[in-house]
Amino acid sequence: MKISIIVAAYNVEMYIEKCLESIISQTYKDLEIIVVNDGSIDKTLEVIKKFAISDERIIIINKSNGGLSSARNAGLDKATGDYIGFIDGDDYIANDMYETLLSNMKKNSADISVCKVQRVYKSHSIKESNTNAVVVLNNLEGLRSLLEAKIIHHYAVDKLYSKKLFEGVRYPEGKIFEDVFTTYKLFAKSNRIVYCDTSKYYYVQRANSILRNSFNERKLEYLEAIKEMTNFIDNNNYKELLDYTKFYYAYGCCGLLIELLKYNYKYPKNEFNKIGQMLTQNIRKSFAVMMNDKNVSRIYKILSLCSLFGYRICKILISNKIIMNYFYKEKELL
């Protein structure tokens, strides 16, 4: 059974070699490795071509820059495997990742197999505690797990999918948070989802990545994606999950507000006050949800409490260095 691995690569000359080495050294060998060079202007394509010479499994798609969704969609249109996997060109994987994911999928008759993600920073990596436990979920349970965001997340890259799930489903081009726009649709089409609590995907944290650089209005697309997901759930007989979407929306607003406060800390004269007020109002509407959930972090609870008094009170937080230091230590904001 062949796995098509789609690698999206854009200006990652410093990372793509490690990424490709981790793929070609997989213990599962029946691979189709589709590397999409998305209009790189550095030496990314040159590195990819060198790997393709020595490994005939590598197929290169060279296209003009269209963004991550465009690159993944180009790979999907080319893929001939029975299963689909995604890797970003600046990340890398454990050498048995796909063997593990496929084995779990077959043993449990699942359509999606998921592993844990380990974040890697420039100077260190965050050590995850792996229980190696395996959890099997139906699609309703899987959607609920996505919304709870405790063990399973919307990432495209930590999963192996049956190819049939992508019939009629593609990533939205021109959007960031493309995974949030898409993953729930794949879960809804699945019979079963299997999750293994073992780190197999290494997510390299780059300071200049789209999601980790300074605040901008495009990040509000995260809330747009959640609204689309809420409408989908409401219209497809998953109404018991609507309360979870309310929590997910409020949680997203908290993450975005933290980003905005951090930006405001650096640039006090920014022009995003209206966005800050909107986010604060949304958090205030979900105050009870955020305060009553024991899994909500302390800093999010503080923001929820401050939201009762308006955005100006939230902005006062930025004058507190202790709190701002906490903000900067957040491992994942959204």
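The figures follow:
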| quantity | calculated |
| --- | --- |
| Answer residue from the range 47-68, given it is of a type outside the set (K, R) and without any contact (Cβ under 8 Å) to a residue 24 or more places away in the chain and is nearest to N11 (Cα to Cα) among those | A52 |
| Residues within the range 165-184 that are more than 18 Å from S70 (Cβ to Cβ) and in contact (Cβ under 8 Å) with a residue 12 or more places away in the chain, tallied | 2 |
| Verdict on E259 being surrounded by fewer than 19 Cβ atoms within 10 Å (Cβ to Cβ) and modelled with pLDDT under 95 | no |
| Qualifying residue in the range 313-325 (condition: in a helix (DSSP H, G or I), aliphatic (A, V, I, L, M), in the same structural domain as G252 (by TED's automatic domain parsing) and at pLDDT 85 or above) | yes |
| Any hit, the range 24-40, residues being assigned to a loop (DSSP other than H, G, I, E, B), out of contact with any helix residue (DSSP H, G or I) (no Cβ under 6 Å at 6 or more places or on another chain) and among the hydrophobic types (A, V, I, L, M, F, W, C) | no |
| Strands (runs of 3 or more DSSP E) wholly inside the range 77-141 containing at least 1 residues that are in contact with an Asp or Glu (Cβ under 7 Å, 6 or more places away or on another chain) and surrounded by 16 or more Cβ atoms within 10 Å (Cβ to Cβ) | 112-120 |
| Residue in the range 32-40 that is buried (at least 20 other Cβ atoms within 10 Å of the Cβ), in the same structural domain as A94 (by TED's automatic domain parsing) and more than 29 Å from E167 (Cβ to Cβ) present | yes |
| Residues within the range 255-312 that are farther than 24 Å from K150 by Cα, among the polar types (S, T, N, Q) and not in a helix (DSSP H, G or I), tallied | 1 |
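This table checks each residue for (1) assigned to a helix (DSSP H, G or I); (2) surrounded by fewer than 21 Cβ atoms within 10 Å (Cβ to Cβ); (3) at pLDDT below 90.
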site	(1), (2), (3)
F187	yes, no, no
D197	no, yes, no
L220	yes, yes, no
M229	yes, no, no
E240	yes, yes, no
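The values are calculated or read from the model by the stated rules, or taken from the named source; none is laboratory data. No experiment lies behind these values; they were computed from the predicted model shown. Backbone-built Cβ (ideal geometry, glycine too); neighbour counts: all protein chains shown.
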